[in-house]
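Since the structure comes first, as structure tokens, the remarks are kept for the end.
The values are calculated or read from the model by the stated rules, or taken from the named source; none is laboratory data. This structure is a prediction, so every number in the text was calculated from the model and none was measured. When we count neighbours, we look across all protein chains shown, and the Cβ atoms used for this are built from the backbone with ideal geometry, even at glycine. Remember, those area values only see protein heavy atoms, side chains included, never the ligands or the DNA or RNA. Shrake-Rupley method; radii C 1.70, N 1.55, O 1.52, S 1.80 Å.
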Amino acid sequence: MNIMKRTALFLLAACALISCKKLTEDPKSIIVSDQFYKTPNDAISAVTAVYSSLNTDPGGDFPMYGRQLYFMADAATDDETEGNSASNADVRAMGSITYIANNNRVQANWTQHYRGINWANVAIDNIQTMQMDTVLKARLVRESKFIRALLYFNLVRFFGDVPLVLHQASSISATTVSRTPANAVYKQIIADLTDAENLPASYSGNDIGRATAGAAKTLLAKVYLTRKDWPNATTKCLEVMNGPYGYALFDNFADVFNKSTKNGKEHIFSVQFLSNSGASNSRDRIMTDVFSGFGSKVPPDLPADSRLYKSFAATDARKAVTYYTSLLNPATGLQFKFSYIGLRKFVDTTQYLTSIEDGINFPVLRYADVLLMYAEAVNETAGPTAEAYAAINKVRERAKIPDLPTGLSQADFRTAVYQERRFEFVQEGQRWFDLAREGTLVASISKVAAKSAVSAKNNLFPIPSAEIAVNPAVTQNTGW
């Protein structure tokens, strides 16, 4: 693979040199791995560097969960798009579903995912051979396996069969790694997450935000749901719901995205970000692309059309958190009316006028997802039981909308769960995956007039052409 060839020495973030342990710290340079891994602090810092693959891009591009994933998981769906103010033609192509195999946003996502996998592989291989406290060693390896599983889970859903690499590049030929069947990739994801279930239930201090047992079980539930393994999905959801983790819904939906409630009771696993940290390559740049200030400029990241906005119930508390049409301008003290519908979840309302990067964490896994996955899995196994109704109604009650009507058929309840997920997770990197899992991706996207180019080939993204150019063993997806 191209990314593996470029990182054949498997360089790691040199925040390790200064024993950086906070998950928001920015690794600014690199060191060769065989010169490292001498002390427990080295191991901790190496795993922190693995986490940095989620919130950092060494070249200063958008971090994976700081906007990069959005292009594929949200902009390329029926929920969002890229407006004319997006200066990059490849970005606009993601929103119009006219992207091709050499699209630089598809390439960037592929590169960032494999970079994170590479760093996880280095950490796992090296930490396992270190002489150190066995409990800490096992924990750090399991954290790395969790991140590796998350990244492979994204890749296998986006691209189908993908190269499965589990060790340092020096042990394989970096230019002859063929695509591994999706079933084998899923088998490895499940193995990694099963081991990660032995992580601690929680952390304190600077370790808050690291992967936990609850996060591993939640991601496993999502893997099983994607595989339509309803019994195992149900089991994992119940283990999260009834386990010693203390997860619950926030009373106020806005608290999912408020900086003051970061890493709260609803957050199971979040990518950590700081406001204006000064880290040039570790920024959450979502805010600057959904909010262009109090004026006439329209931001690039926008709703695909007004249909979803208009379909929220009038009493639904999520609507005003998800979208904005007006905001209080702190410079004037007056409400400012915009000419467009904006995406609000990642707009930092505490610093409209000073932020070039918001400090809102990205919620990869949260408790509302567990409740909706549980409702779906139970319905697929036994129909809409009382337990399934109770789970989805907790989400609806928090949103201040009526409970689902009783007596729904299995098919109608399934549709209700799908719709609830759409209302709940706008702009959270869920929509493309949900449409693909439901088998409605093409039909749903085609309802957006500006996305009429969608076709069956879009059920998977193209393998980046640059990867095929350097590795002939990698083949292209059908239609690309």
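Between residue 470 and residue 88, the modelled labels are 1.8 nm apart [label points 7 Å from Cα along Cα→Cβ].
Ordered from largest to smallest accessible area (heavy atoms of protein chains, 1.4 Å probe), the residues 428, 197 come out as 197, 428. Each helix, a run of at least 4 DSSP H residues, gives -39500 (n - 2.57); summed and divided by the residues of the chain, these come to -12500 deg cm²/dmol at 222 nm.
Note on residue 38: aspartates and glutamates with a C-alpha under 16 Å away, same-chain residues under 8 apart excluded, are 125, 133. Only protein heavy atoms count here; on that basis, with a 1.4 Å probe, residue 260 has an accessible area of about 110 Å². The gain in end-to-end length when the residue 450 to residue 390 segment is fully stretched comes to 17.8 nm, 0.36 nm per residue minus the alpha carbon separation. Compactness check for the stretch 114-259: Cα Rg over 2.2 N^0.38 Å is 1.13. Remark: accessible surface ordering of 245, 374 (largest first) is 245, 374, probe radius 1.4 Å.
If R0 is 35 Å, the Cβ-Cβ spacing of residue 178 and residue 201 corresponds to a FRET efficiency of close to 0.35. The orientation-averaged projected area of the convex hull spanned by the Cα atoms of the stretch 216-349 comes to 11.4 nm². Separation of the alpha carbons by more than 24 angstrom is noted, of 236/447; 297/345; 217/265; 310/337; 236/265; 262/394, for 236/447. Remark: spin-label model distance residue 406-residue 208 equals 4.2 nm, labels positioned 7 Å along the Cα→Cβ axis. As a length-normalised measure over Cα pairs under 8 Å and 6 or more apart, the relative contact order of the chain settles at 20 percent. Stretched out straight at 0.36 nm per residue, the stretch from residue 307 to residue 350 would grow longer than its current Cα-Cα span by 12.6 nm. Subtracting the Cα-Cα distance of residue 128 and residue 457 from their residue separation scaled by 0.36 nm leaves 114.3 nm.
Taking one quarter of the surface of the convex hull spanned by the alpha-carbon atoms of the chain gives a direction-averaged projected area of 21.3 nm². Ordering 167, 267 by accessible surface, largest first, gives 167, 267; the 1.4 Å probe counts only protein heavy atoms, with every chain in place.
Residues of the stretch 307-329 with amide nitrogen under 15 Å from the 7 Å Cα-to-Cβ point of residue 337? In the stretch 307-329, the label zone of residue 337 (backbone N under 15 Å from the point 7 Å along Cα→Cβ) covers 325-329.
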